[in-house]
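**Student:** Structure incoming, see below.
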Amino acid sequence: MIRVYKSTFDKKTLNFKLWTYFIGLVSIILITLWLLQIVFINSFYENMKMREIKKVGDQLVDQYSSESFEDILIEKALSEGISINILDDTGRLVFPLEFFDIIRQPRLETNTFSELLTNLYKSNDNTTLYTRADDRIEFPILTYGAILENEQGSNYFLYINTVLEPIDSTVNVIQNQLIIISILAFLLAIGLSVIISRKLSKPIVQITDQAKNLMIGNYDVDFEKGYYREIDNLADTLNQTTRELQRTRELRQDLMANMTHDLKTPLTLIKSYGEMIRDISGDDKIKRDYHLGIIIDETDRLTNFVDDMLDLSKVQSGLKSLDMKEFDIYKCVEKVLKRFNYFVEKENFEIRLNKKGDTMVIGDEPKVEQALYNIIINAINYSLEEKIVRINVEEIEDKWVSVSVIDKGEGIPEEELNLIWDRYYRGGKDHTRGKAGSGIGLAIVKTIVNAHGGRCFVESSIGKGSTFILQFIKSNNKKIDGDRT
């Protein structure tokens, strides 16, 4: 129970943060409602009332020349619940007039009329809006005044009054409602925040627990999806990572098995033939030389094996700074092929080289030479009875220069095509000794080509051979910047 409590209320957990954010958001909304509905409602009501009265007054001023102006005044007074009067320049009431008003000729109180005139003459648009106090009324009076200009005779004055009644009773009702709403909102917010935070954090907690299993080497875990898209994407990524880690472990196991075989066999031969020289052929020059030759060959094989193991790290280290220059990759292939004269002269290999289009590229020529060497020796090593290797260097798509190395070897199974570029992968577990290497030659090729912004492809059919394609960017598609760090 203690562990669950700490997990739930740990301030760094997603649960706690979502809960606090949710409660904070609801609090801000409720505080805003209280301020608007309780604290600022009086000033809000007064401003709304002033805008309403001014709007009515301005409309009446605009309609003053209308023949039905008196009807409009009566309609507005009744519909808006306000007092509307028309006064002459002495403060005498012009509208509305009853029968006896004609005899009495009522006037606006002198001080009130003087206040109206003072405010009107201070204004810039012949209208005024202000509040005034009246000893006869407890509440302030909102007054609107306007000059109604007459082309003939004296001007009239529009005089509108309305009482700014208090809304305390309304505020009390709203306050009681807000108290209830606030309590319900907080309870609902707490409940929803707990549910939502757990719903959001649950898949993350599950993925974390599964990742712990992965950390200790359990590659059978399956990261669950189905909650929301971000978790689905994370689960997909982790599942793919798990598969890659599983494949890496298998490759490592294969590497260890290959290394054990490739180290044990020559060491056994070296020891055996050394003992034979010591015990049997020490005085027989012909046998001794033969046995020593085998020891030297096996020593060279071990040296090459160790060199291959170090090559990948050397290449990766060297690719940190490429000496990018323009060169003809066709001539580069010709230069590399000179290193394969032994296979042509001694083992009857036929290597055909063809060119098509512009073959100028940008790159680090020595590094490209190494990639080309690895891809060609791979074709030779895996050739069978038909010892023919074709190399096509051609311009494609006005952007790329492609180098295709085609052999007539045993081919690669379809399920292994995506694996051949992996370091330490070696297709087929039963290659003849001397032809199967350490399994990093193609990994070196891919590393070099990718560093040049190029592309690698392979096409293969079992029993028909393979085609390895390296593509480099043409020189007219890439700016030469000298050394690239």
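Nothing in this text is a laboratory measurement; each read-out follows from the coordinates by a stated rule. Since the structure is predicted, the reported quantities are computational estimates derived from the model, not experimental observations. Note that each Cβ is placed from the backbone with ideal geometry, even for glycine, and that neighbours are counted across all protein chains shown.
**Student:** Cα-Cα pairs above 20 Å in segment 123-215: how many percent?
**Tutor:** Details: 3029 of 4278 pairs.
I get 71 percent for the Cα pairs in segment 123-215 exceeding 20 Å.
**Student:** Where does each of THR131, THR90, THR447 land when they are ranked from fewest to most other beta-carbon atoms within 10 angstrom?
**Tutor:** Working: THR131 13, THR90 10, THR447 19.
Ordered by Cβ neighbours within 10 Å, fewest first: THR90, THR131, THR447.
**Student:** By how many nm would the segment from LEU263 to GLN105 lengthen if fully extended, with 0.36 nm per residue of separation less the alpha-carbon distance?
**Tutor:** Details: separation 158, 0.36 × 158 = 56.88 nm, distance 12.84 nm.
Full-extension gain reported as 44.0 nm.
**Student:** If I take every Cα pair under 8 Å that is 6 or more residues apart in segment 41-166, average their sequence separation and divide by the length, what percent do I get for the relative contact order?
**Tutor:** Values: 158 pairs, mean separation 33.1, N = 126.
The normalised contact order for segment 41-166 reaches 26 percent.
**Student:** Now a separate question. If I take R0 = 41 Å and measure r between the Cβ atoms of ASN150 and TYR45 in this structure, what FRET efficiency does the formula 1/(1 + (r/R0)^6) give, to the nearest 0.05?
**Tutor:** Between ASN150 and TYR45 the formula returns 0.70.
**Student:** Let me ask something else about it. Please order VAL221, VAL173, VAL403, VAL445 by the number of other Cβ within 10 Å, starting at the fewest.
**Tutor:** Values: VAL221 16, VAL173 11, VAL403 26, VAL445 23.
Fewest to most other Cβ atoms nearby, the residues stand as VAL173, VAL221, VAL445, VAL403.
**Student:** To make sure I understand, if each residue's beta carbon is the centre and we count other beta carbons within 10 Å, what order do GLU298, GLU385, GLU397 fall in, fewest to most? Each step should come with its number before you reach the end.
**Tutor:** Values: GLU298 19, GLU385 6, GLU397 10.
Ordered by Cβ neighbours within 10 Å, fewest first: GLU385, GLU397, GLU298.
**Student:** Round to a whole angstrom and tell me the spacing of the C-alpha centers of segment 347-398 and segment 134-153.
**Tutor:** Computed from Cα coordinates, the inter-centre distance equals 102 Å.
**Student:** On each of the three principal axes of the Cα atoms of segment 41-166, give max minus min coordinate, whole Å, ordered largest first.
**Tutor:** Dimensions of segment 41-166 along the principal axes of its Cα atoms: 45, 30, 30 Å.
**Student:** In addition: Within the set of other residues whose C-beta is less than 9 Å from the C-beta of ASN354, count the net charge using Lys and Arg as +1 and Asp and Glu as -1.
**Tutor:** Values: positive: ARG352, LYS355, LYS356, ARG390; negative: GLU394.
It works out to a net charge of +3.
**Student:** Which far-off residues, 5 or more places away or on another chain, put their amide H under 5 Å from the one on VAL94, with H placed in the peptide plane?
**Tutor:** Those qualifying (amide H under 5 Å, at least 5 residues apart or on another chain) are ILE86, LEU87, ASP88.
**Student:** For LEU302 paired with GLU416, estimate the spin-label separation in nm (one decimal), with each label point 7 Å from Cα along the Cα-to-Cβ line.
**Tutor:** Placing both labels 7 Å beyond Cα along the Cβ direction yields 2.8 nm.
**Student:** First measure r as the distance between the Cβ atoms of ASN124 and LEU30, then evaluate 1/(1 + (r/R0)^6) with R0 = 45 Å and state the FRET efficiency to the nearest 0.05. If you can, show how the numbers build up before the last one.
**Tutor:** On the way: r = 43 Å, r/R0 = 0.96.
So the FRET efficiency works out to roughly 0.55.
**Student:** Once the other residues with Cβ under 15 Å from the Cβ of MET50 are scored (Lys, Arg +1; Asp, Glu -1), what is the net sum? All intermediate terms of the calculation are to be shown ahead of the outcome.
**Tutor:** Values: positive: LYS49, ARG51, LYS54, LYS55, ARG132; negative: GLU46, GLU52, ASP58, GLU80, GLU165.
Neighbour charge sum, excluding MET50 itself: 0.
**Student:** Describe numerically, in nm with one decimal, the distance between label points set 7 Å from Cα along Cα→Cβ at VAL163 and at ASN341.
**Tutor:** Between VAL163 and ASN341, the label points sit 12.1 nm apart.
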